[in-house]
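My questions all concern the structure below.
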Amino acid sequence: MGFAQSYDVVVIGAGHAGCEAAVATAKMGLRTLLLTLSLDNVGLMPCNPSIGGAAKGQLVREIDALGGVMGIGVDQNYIQIRMLNTSKGPAVHALRAQVDKIAYMRWMKRLLEATPNLDLKQGVATKILTQGERVVGVRLKTEIDIAAQAVIVATGTYLRGLVHYGLVHYSSGPQGQHPSVELAHSLLELGFELQRFKTGTPPRIHGDTVNYSKTTEMPGEELRRGFSFRAPLPQRRQVSCWLTWTTQETHEIIRRNLDKAPMYTGEITGIGPRYCPSLEAKVYEFPDKPSHQIFIEPEGLDTREMYLAGFSTSLPEDIQIEMIRTVPGLENVKIMRPGYAIEYDALNPLDLKPNLETKAIRGLFCAGQINGTSGYEEAAAQGLMAGINAALMIKGAEPLVLKRSQAYIGVLIDDLVTKGTREPYRLLTAKAEYRLLLRQDNADLRLTELGHQIGLISDTEYAAFLRKKESIDKLLAKLRAETIQPSPAVNEKLAGFGQAPLQRAVSAEVFLRRPEINLSLLSEFVELETEEIDPEVAEQVELQVKYSGYIERQQEQVERFLKLEAKKIPPDLQYESLHGLSSEAREKLARVRPESLGQAARISGVSPADINYLAIILEQRRRGKA
Amino acid sequence: MKIRFDHDTIAAISTPLGEGGLAVIRVSGDDAVAVVDRVFAPGGKVKPGFLGSVASHTVHYGYIHNRQGERVDEVLVTVMLAPRTFTREDTVEISCHGGIVSAQRVLEAVLGAGARLAEPGEFTKRAFLNGRIDLAQAEAVIDLIRAKTEASQAVALTNLRGGLSERVRRIREAIVEVLTYLEASIDFPEDEIPPLEQDLDQLLTWARSEVAALIETARTGRIYREGLATVILGRPNVGKSSLLNALLGEERAIVTQIPGTTRDILEEQINLRGLPLRIIDTAGIRATTDEVERIGVTRSIEAIERADIILFLVDYSSGLTPEDWEVAATLPVGRTILVANKADLPSGSGFGDLVERFGEPVLISAKEHTGLDELKDRILEKASVIKVDRTETVLVTNLRHLEALRQACESLENAHQAFVGGMPADLITIDLHAAVAYLGEITGDTASADVIDRIFANFCIGK
């Protein structure tokens, strides 16, 4: 093969996964080419104009803590920001922002252009080039071959994309983009199993045609901290979202036209996400629900285009307008882009290793929706990890695999490569076993050290992080050292909260565990120099002290979990010959090829007896070799 | 089912079950010494930390007590520190009196102190993994584990008797329902999650009391298996042995006399209309000299503590003596039946205050075999008062199930406390998930996927 050009890494696709991957490899010192179908759509949000929320907000904080770019991008381009779930406990606080889509894309493009070692280029990849079981480059539609030591495929929903508007369907990527057809064939030729998924998006309407007086305004909040730990949140002008409801009339129109809904006519065979159903699915599955909420969300500051969250539909365009106009406030609305459904190819993520490299082809990494996930945040998280791991592979270093006890990113990727997915995968906090440890507020404490080690967190950023960490440790130590006496002043205060008086002297730490007591209150009785304490340090210390009982319990569970994770399974283990395993376990283990006993134990159909048996086999092998 | 594969401390009865002279409970793991130390009183005196201070491979005499502080058995404890042990971990072996009863009770005490019940073949597995057994034995170990695990799983499934799994499922179901609601409201904060129909406070109270009721049936089950511990007490020569013989004479003795190796108490089992009675006759205490009698009194007090029912025997013909009053003062009112022997003779001085405390005496003549039916009625009546309900099905007979229920109960208690204490949802879910997992260990159901599937099935989710 004659190569026209040569890079260390080629990233195919400049969506949320591709951008993170390319910036990571470039920052880690590798010459990187980022290919996009259109330079005008770098960092496109083809669906909702928002980032974050439950579990997703945690993901973005983690991406930032490791040195990824999405957090800063959102902080620079948000048009509304809120902290959700504040009443449901520290583990599940969820930051969510509405983002100016156009501004975000411009910002991302500028960032990519300004990144050393990174070339951003418009081009269509049609073939993954391999030699034996190794990737060697990609071929472009222009029949140019580009050499690479690692290729990261981040093609989103473009692989053999097929859009549906009612019974009309045609080959297309999202939002009128080109689909990627040849690349799907290239992956099939390489022996990958492709599955067909479906997703959808609601219509966009003209904001000036909405009667807002019939809707409920949902304003943003003023927050100090956005998604990034590395810079304060710029205080920007915020705009509101608006809430309205579907009516019985809307539902009646849907019921009347179900024969034109490709989901119900059998036109669509791809499997859609349960957490993101179309309006017709909601009406069909929950017929007793009298109405469904619809959020009107601005797509940006420089446009009047509005996104209708909750109104995802693939009914024909004329029916869509009829439906929308039955919704209070939307009686005279004009549609700017109709809603549609899109079917696309996704890999079976069981074909991936935990570092997101394919098992079959060395140097070929995959990230984002092609791996069967949905969501910008899930995509970005995988892109970052694929980029990091491609770079580490080229450098001959050990892969970076985050554990389930370490990050939501770890939960996400472990779920994918261990359990696979038969529907578009969305991360939920309920999927994390150690939710209390994986809080959005401590993502930096969990991951920034790692980010610095691999070179994505700069020395300056790291120094700032260490200062914060040190302040936390110092304050914790002080709380342990200081004593609160059962003085009349203290007990009067406690009585004011209806609490039992202090019987004997306790440490300030123990005192802080009492409900209603916080650091500023504590500082009335102990010299804490609270004026100088950063509110985030205070927050961290209060959380760690107040929930210490629960945190310690989860940490004990983590220790047990880690013991099983530490039992490595050699990659060449032949499960077929292990007759002590149940046949289901044998089959599944051979498919997943888990890297540790812990991972093996998470595969459904693998029983405790199978794990015990495997443990014995591993020990036998170890001694056989010794 | 949870997979366990770590170095936590495990315990099991390691001698064959049966009526051997001695039984051995083996405890292995990092905390083996500390765990046994919590329940062991060397020479009968509580000395925290004692076992931690002794040399490896030494034997110590003393008592095991349970979490209520009651003496369970008199034992010899052998402390063996790693690596010169079967598992190559710290190991403590407790030799107790033979028979299932003593061994089970000692095991229960050890489990209560922080060990967990060993999986089938787990000691052998650890021995192998820690390099103790050589390679040639590996295959045998595999077979053993495979066979034992499968057998125990099969047994576990068939063991779910009389609707235990039904009841456990119902409780688990209710908790999963709550979790579905809580998790949905956490993961989909902007979706419309209808309010929980049941009051969480009530539901947790209900779930906990249901689990507690199942644990209670284990106690009932134990009584059915081991017999209702029934002690005959009374001053010398009041006719204790005659009463025992009279009861035995009419009922078929199903187990022969078991003389304890160090205690001179006779135990006999009889079947009282379907309810097994383990009659403990303190007549076995030979009261020939004052010195021995004092020991006898001490032992009788121990017997009272262990008894489910006490037959307090007095002499109808001679009336009450100061000794009777002395004994009466030590007896718990709820569990005592006043029995007046020698009712074939003329009455003595009456029973005064005792009738107020213990109710009307049952008049019997052990010699003439009269009044025995009335006595049996009273025993059965008493048994039902202390909740040995013969109509209620005994559901929990398996120690593994009992442990899971106890853990579930504790988790539910924690969740309830957290809720009452105003803790947020994300913390309450931690204990609820734990409770669901423990209950699932009994029924073989797994949890987390359940909750997520149900969120989508129950609630209309999605923007």
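The values are calculated or read from the model by the stated rules, or taken from the named source; none is laboratory data. Being a predicted model, the structure only gives us computed values, none of them experimental. Cβ coordinates were reconstructed from backbone atoms using ideal geometry, including for glycine residues, and neighbour counts include every protein chain displayed.
How many of the residues making up the stretch A:77-89 are in a helix (DSSP H, G or I) and either among the basic types (Lys, Arg) or crowded, with 24+ Cβ neighbours inside 10 Å (or both)?
2
Filter the stretch A:404-454 for residues that are in a helix (DSSP H, G or I) and closer than 19 Å to residue B:183 by Cα and give the result.
Within the stretch A:404-454, A:408, A:411, A:412, A:415, A:429, A:430, A:431, A:440 qualify.
Taking residue A:557 as meeting all but one of (1) within 8 Å of chain B (Cβ to nearest Cβ); (2) in contact (Cβ under 8 Å) with a residue 60 or more places away in the chain; (3) out of contact with any helix residue (DSSP H, G or I) (no Cβ under 8 Å at 6 or more places or on another chain), write down the number of the exception.
Result: residue A:557 fails condition (1) only.
Let me ask another. Go through the stretch A:562-611 and count every residue that is outside any loop (DSSP other than H, G, I, E, B), without any contact (Cβ under 8 Å) to a residue 60 or more places away in the chain and within 13 Å of chain B (Cβ to nearest Cβ).
12
Of B:355, B:314, which residue is exposed (fewer than 15 other Cβ atoms within 10 Å of the Cβ) and either outside the structural domain of residue B:234 (by TED's automatic domain parsing) or not in a loop (DSSP other than H, G, I, E, B) (or both)?
B:355
Is there any pair with a first residue in the stretch B:410-430 that is more than 7 Å from chain A (Cβ to nearest Cβ) and within 12 Å of residue B:186 (Cα to Cα) and a second that is among the charged types (D, E, K, R) and buried (at least 19 other Cβ atoms within 10 Å of the Cβ) whose Cβ atoms are under 9 Å apart and which are 6 or more apart or on different chains, and what are they?
Cβ pairs passing all conditions: B:429/A:435; B:429/B:183.
Next question, about the same structure. Return the total of residues in the stretch A:246-259 being of a type outside the set (Val, Ile, Thr) and surrounded by 18 or more Cβ atoms within 10 Å (Cβ to Cβ).
Result for the stretch A:246-259: 2.
Being within 14 Å of chain B (Cβ to nearest Cβ), free of Cβ contacts under 8 Å to residues at least 24 places away in the same chain, polar (S, T, N, Q) and out of contact with any Ser or Thr (no Cβ under 8 Å at 6 or more places or on another chain) narrows it down to one residue among A:453, A:499, A:503; which is it?
A:499
OK, next. Of A:315, A:279, which residue is surrounded by 24 or more Cβ atoms within 10 Å (Cβ to Cβ), more than 30 Å from residue A:420 (Cβ to Cβ) and assigned by TED's automatic domain parsing to the domain that holds residue A:247?
A:315
What pairs come up if the first residue lies in the stretch A:58-79 and is at pLDDT 95 or above, the second is of a type in the set (D, E, K, R), and their beta carbons are under 6 Å apart, counting only those six or more places apart or on different chains?
A:59/A:377; A:60/A:377; A:65/A:444; A:68/A:20; A:71/A:64; A:77/A:100; A:79/A:100
In the stretch A:78-98, what count of residues is obtained for those that are more than 7 Å from chain B (Cβ to nearest Cβ), touching a Gly at 6+ places or on another chain (Cβ under 8 Å) and of a type in the set (A, V, I, L, M)?
Residues flagged as more than 7 Å from chain B (Cβ to nearest Cβ), touching a Gly at 6+ places or on another chain (Cβ under 8 Å) and of a type in the set (A, V, I, L, M) within the stretch A:78-98 amount to 4.
What do you reckon, is residue A:401 in a loop (DSSP other than H, G, I, E, B) and touching a Pro at 6+ places or on another chain (Cβ under 7 Å)?
yes
Consider residue A:249 against the criteria (1) among the charged types (D, E, K, R); (2) free of Cβ contacts under 8 Å to residues at least 40 places away in the same chain; (3) over 26 Å from residue A:78 (Cβ atoms): it satisfies all of them except one. Which criterion is unmet?
With respect to (1) among the charged types (D, E, K, R); (2) free of Cβ contacts under 8 Å to residues at least 40 places away in the same chain; (3) over 26 Å from residue A:78 (Cβ atoms), residue A:249 is out only on (2).
Another one. Within 23 Å of the chain's Cα centre (by Cα) and not in a loop (DSSP other than H, G, I, E, B): which single residue out of A:129, A:120, A:95 fits that description?
Criteria check complete, one pass: A:95.
Please go through the stretch A:337-356 and give me each residue that is closer than 17 Å to residue A:378 by Cβ and touching a Phe, Trp or Tyr at 6+ places or on another chain (Cβ under 7 Å), ordered by number.
Correct list: A:344, A:346, A:347, A:356.
In addition: Is it the case, given these coordinates, that residue A:74 is away from every other protein chain (no Cβ under 14 Å), within 30 Å of residue A:5 (Cβ to Cβ) and buried (at least 24 other Cβ atoms within 10 Å of the Cβ)?
For residue A:74, the condition - away from every other protein chain (no Cβ under 14 Å), within 30 Å of residue A:5 (Cβ to Cβ) and buried (at least 24 other Cβ atoms within 10 Å of the Cβ) - is not met.
Within the stretch A:310-325, track down each residue that is within 14 Å of chain B (Cβ to nearest Cβ) and in contact with a Ser or Thr (Cβ under 6 Å, 6 or more places away or on another chain).
A:312, A:313, listed by residue number.
Moving on. Collect the residues in the stretch B:162-187 that are out of contact with any Ser or Thr (no Cβ under 7 Å at 6 or more places or on another chain), within 14 Å of another protein chain (Cβ to nearest Cβ) and either more than 14 Å from residue B:453 (Cα to Cα) or among the aliphatic types (A, V, I, L, M) (or both), keeping them in residue-number order.
B:176, B:178, B:184, B:185
Just checking, how many residues over the stretch B:416-446 are among the small types (Gly, Ala, Ser), under 19 Å from residue B:211 (Cα atoms) and surrounded by 20 or more Cβ atoms within 10 Å (Cβ to Cβ)?
Residues in the stretch B:416-446 being among the small types (Gly, Ala, Ser), under 19 Å from residue B:211 (Cα atoms) and surrounded by 20 or more Cβ atoms within 10 Å (Cβ to Cβ): 5 in total.
Can you report the number of residues in the stretch A:522-581 which are at pLDDT 90 or above and among the β-branched types (Val, Ile, Thr)?
6
So how many residues does the stretch A:216-245 have that are farther than 30 Å from residue A:331 by Cα and either surrounded by fewer than 17 Cβ atoms within 10 Å (Cβ to Cβ) or in contact with a strand residue (DSSP E or B) (Cβ under 9 Å, 6 or more places away or on another chain) (or both)?
Counting residues in the stretch A:216-245 that are farther than 30 Å from residue A:331 by Cα and either surrounded by fewer than 17 Cβ atoms within 10 Å (Cβ to Cβ) or in contact with a strand residue (DSSP E or B) (Cβ under 9 Å, 6 or more places away or on another chain) (or both) gives 12.
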